[in-house]
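Below is one structure, written out as structure tokens; the observations come after it.
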Amino acid sequence: MTSRLTRRPGGPARLRALLESGQLIVAPGAFDPLSARLVEEAGFPAVYMTGFGTSAALIGRPDVGLLTMTEMAGNAGRIAACVDIPVIADADTGYGNPLNVIRTVGAYEAAGVAGIHIEDQVAPKKCGHMDGKLVIPAEEMAEKVRAAAEARTQPEFVIIARTDARAVEGLERSLERARVYREAGADALFIEALTSEAEAEEAARTFPGVPLLFNWAEGGKTPPISLDRLAELGYRIVIFPISTLLAATGAMRRILHEIARAGTPAQAMSELPTFAEFLDFIGLPQVREAEQRYAVKPRPELPGRRRVIAR
């Protein structure tokens, strides 16, 4: 976990280095800065800012395109500001046409994230594992990808093209779309809502040597596949978008039920971090150190000088 009060620059370069290292990048989802710090504390090399979780955390509503670009980029920035590991962020559809995508890339770069994914859904979009999605023409999405790649000011900033066409047009067409997006300048590909391990294998065979992102969507349309198998197939990034969100919801529900039942949380306190432990985790020692470092010190009286008191 970071010991500073501000983030370390260079997230895009570090994400690029991870991609080039050949290791499988496991990036659990975070919906706010606190969950991102927990991901970092657990030792993961990167964190994923989940759009599903951001919508749930910011407005308490499902991921159906209700959040604006500035709300999403703002959450990404707050997450990036408190961790030292690279942040991969959901940027939905890019929030409009290629001109909007240009602004989106600038906003996410300024937020300090290492890379984003944009998708080919019709706006307002839906979570990739919900029914009723629609997709825009592949050529239109390709221009958005090209705009994103050309708009970045940091060449290491990672552009991930996501296609949601599997649920709309079938696997073959979704792979064709992914190929078009790769040719348009995508650094990595994200083929959403695959429905079997065989489809995950087919996607990997179609794009040998191309960085692929696998969405281990908890309870979604894609079946669970082990990390060893995904690494064997050649996937480079695996996200677990809502494990932290579901776990937090379950834990909060339990403690609230305990308070409602018993009147206080006293019986459950042994299961929780102590107040002191939590303060240490969220960086109070660093705050205290900074307070002492920059505290104004009283000036000593010079010898022989009398203090004049105005009357």
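Contact map, segment 167-185: first residue over 21 Å from Gly209 (Cβ atoms), second residue buried (at least 18 other Cβ atoms within 10 Å of the Cβ) and small (Gly, Ala, Ser), Cβ cut-off under 9 Å, separation 6 or more or different chains; pairs are Ala167/Gly128; Ala167/Ser174; Ala167/Ala193; Val168/Ser174; Arg173/Ala138; Arg173/Ala165.
With respect to Thr50, determine if the residue is at pLDDT 95 or above and under 12 Å from the mean Cα position of the chain (by Cα). Here the answer is yes, as Thr50 does meet what is asked. Candidates in segment 170-214 are the residues that are in contact with a Ser or Thr (Cβ under 6 Å, 6 or more places away or on another chain) and not in a loop (DSSP other than H, G, I, E, B); of these, the one that is surrounded by the most Cβ atoms within 10 Å (Cβ to Cβ) is Ile191. For the residues Ile239, Ile225, Ile255, the requirement of being at pLDDT 95 or above, closer than 30 Å to Arg173 by Cα, touching a helix residue (DSSP H, G or I) at 6+ places or on another chain (Cβ under 7 Å) and not hydroxyl-bearing (Ser, Thr, Tyr) singles out Ile225.
Inclusion of Ala276 among residues that are among the small types (Gly, Ala, Ser), surrounded by 10 or more Cβ atoms within 10 Å (Cβ to Cβ) and modelled with pLDDT of 90 or more is not warranted.
Scoring Gly132 on the criteria (1) in contact (Cβ under 8 Å) with a residue 12 or more places away in the chain; (2) assigned to a loop (DSSP other than H, G, I, E, B) leaves a single failure, condition (1).
Tell me, yes or no, whether segment 221-230 has at least one residue that is surrounded by 18 or more Cβ atoms within 10 Å (Cβ to Cβ), in contact (Cβ under 8 Å) with a residue 40 or more places away in the chain and within 30 Å of Ala149 (Cβ to Cβ). First the steps, then the outcome.
The first filter runs over segment 221-230 and keeps only residues surrounded by 18 or more Cβ atoms within 10 Å (Cβ to Cβ), leaving 222, 225, 230.
Still in the list and also in contact (Cβ under 8 Å) with a residue 40 or more places away in the chain: 222, 230.
Right, trim to within 30 Å of Ala149 (Cβ to Cβ) and you get 222, 230.
Within segment 221-230 (the criterion being surrounded by 18 or more Cβ atoms within 10 Å (Cβ to Cβ), in contact (Cβ under 8 Å) with a residue 40 or more places away in the chain and within 30 Å of Ala149 (Cβ to Cβ)), the answer is yes, since at least one residue qualifies.
Residues in segment 59-79 that are touching a Phe, Trp or Tyr at 6+ places or on another chain (Cβ under 7 Å) and among the hydrophobic types (A, V, I, L, M, F, W, C): 3 in all.
The values are calculated or read from the model by the stated rules, or taken from the named source; none is laboratory data. Please read these numbers as outputs of a predicted model, since none were measured by experiment. Cβ atoms come from the backbone with ideal geometry, glycine included; neighbour counts cover every protein chain shown.
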